[in-house]
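Here's the structure, in structure tokens; my notes come after.
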Amino acid sequence: MLSAALLSQAHEIPDEVRLRSWARTEGSQFVVMIRAPLSAMREADLPLHGVSLDLARAGPALEVAARLWFVDRVRIQADGQHLNSPQLTHVRVSLPSDRSFDTFEQAHALLTQAPALKAQDLVWSQQYLDARLVFSLPTPAARIAIDFDAARLGGRVSHDMRYTTTSGAVRLLPLHGDTGMVALDPGPWESVRRFALDGWQHILSGVDHLLFVLCLMLGIQGLRALVWTITGFTLAHSVTLMLAITDLYPQGLWFVPAVEWAIAASIVLASLDVLLAPQRPHRGWMASLFGLIHGLGFSFALKEALPFAGEHTVLALASFNLGVEAGQLGVLLVLWPVLQRLRRLPHAASVHVVVCALVAHTAWHWMSDRWQAVDKFLQTVDGSQAVGLIMNSPIAWMLIALAAIWGLRRSLRQHADPHP
């Protein structure tokens, strides 16, 4: 009864599954080594002793699992042509504490040279299944794309894939769920297409960024002035986006929630500015200053995706920016006629107040929620340490300088024109 219960559990879909793999070209062969939790191998009829894996009889079952989940699922394209199924050269069980997949050489040595485990007290659901696959390439210089088709292994599948290029550089490609074919050495056009689409999707799915753009639309009456202001917003966040490839911003865990809080704060300030001074003709400095902060938010998503750009990092950065700009202008084209119609209503001023208040209210709640994450960091360090971490960042000094310039220009303008 216990054995039957264990086998039924083996067919349950795990909530979370994490894979690790290495891949590189070796002459006319493409070698893939992959590690997955044995608990995700649902179709494998594993021989058990109670809760332990019977290693002496497990060989055929492990090979079946590797063929079902790796050989039959991992697909390779070389120069756009699908390759035949790979050869399964090695399969083994590894302990959860094993660190061999930290490097390609260690993983290769484990699979090809290390002796098989002999222990008899290995809880089957806690071990890993390692496999080595070899594909035959038409030419050693073929451009490779790979699809692991791993989404069915669990409810949420994450995959840390490391690819060694022909120059010896190692790229970490974070894969999530069903990624489809991923180009390992993308050409220029592939990078442009991918990152322009990523920029477009990121701005359209980022409600906080869209609310800031809405504030700009509410606060500027002329279409031409609005286009230039939004373009200034894009150029400003392009500056901080470049930090995604330079690593100049702080690397502490506190920085991401702090930026997310600052983005919410920028929306509150922008909505209040538009509410209190709806007739101000220019808001370029506000858009540019806060664009730097929003660019930091964009950079977090871009940095994770940059390894997929291959050798075209700068081109990918430019394409991402163009995608963001296209998304913003698309939103403008859709909402601008609606806003113009609302402005002609008899109670347009009341509508303006209500919309600004709703935006400020929403962003204020975001500030409150995001501050909780920042506060957790502040509770772990004293005030001087926190200030030191922030002040040692070139980003902080750049924002302070620009804020000072913005405040000075605004003060001079108000003195020159007491009725802005």
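Listed values, structure above:
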read-out	value
Filter result (more than 18 Å from Glu304 (Cβ to Cβ) and in a loop (DSSP other than H, G, I, E, B)) within segment 183-214	Asp185, Gly187
Scope segment 183-197; condition buried (at least 19 other Cβ atoms within 10 Å of the Cβ) and in contact with a Gly (Cβ under 9 Å, 6 or more places away or on another chain); matching residues	Leu184, Pro186, Ser191, Phe195, Ala196
Hits in segment 121-160 (condition: buried (at least 16 other Cβ atoms within 10 Å of the Cβ) and either among the small types (Gly, Ala, Ser) or part of a helix (DSSP H, G or I) (or both))	Trp124, Ser125, Ala131, Ala142, Ala145, Ala150, Ala151, Leu153, Gly154
Test: Pro96 is open to solvent by 50 Å² or more (accessible area, probe 1.4 Å), within 29 Å of the chain's Cα centre (by Cα) and free of Cβ contacts under 8 Å to residues at least 40 places away in the same chain	yes
Failed criterion for Gly180 (all others in (1) part of a loop (DSSP other than H, G, I, E, B); (2) open to solvent by 30 Å² or more (accessible area, probe 1.4 Å); (3) within 30 Å of Gly295 (Cα to Cα); (4) of a type outside the set (A, V, I, L, M, F, W, C) hold)	(2)
Residue ID - least open to solvent (accessible area, probe 1.4 Å), chosen from residues in segment 289-319 that are farther than 15 Å from Ser266 by Cβ and among the β-branched types (Val, Ile, Thr)	Thr313
Qualifying residue in segment 364-372 (condition: modelled with pLDDT of 60 or more, closer than 25 Å to Ile230 by Cβ, in contact with a Pro (Cβ under 8 Å, 6 or more places away or on another chain) and surrounded by 15 or more Cβ atoms within 10 Å (Cβ to Cβ))	yes
Residue within segment 215-227 that is of a type in the set (Val, Ile, Thr), closer than 20 Å to Ser319 by Cα and crowded, with 20+ Cβ neighbours inside 10 Å present	no
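The values are calculated or read from the model by the stated rules, or taken from the named source; none is laboratory data. Treat the numbers as computed from the prediction; the structure is a model and nothing was measured. For neighbour counting, all protein chains shown are included, and Cβ atoms are generated from backbone atoms with ideal geometry for every residue, glycine included. Keep in mind that these areas ignore ligands, DNA and RNA; they rest on the heavy atoms of the full protein, side chains included. Shrake-Rupley method; radii C 1.70, N 1.55, O 1.52, S 1.80 Å.
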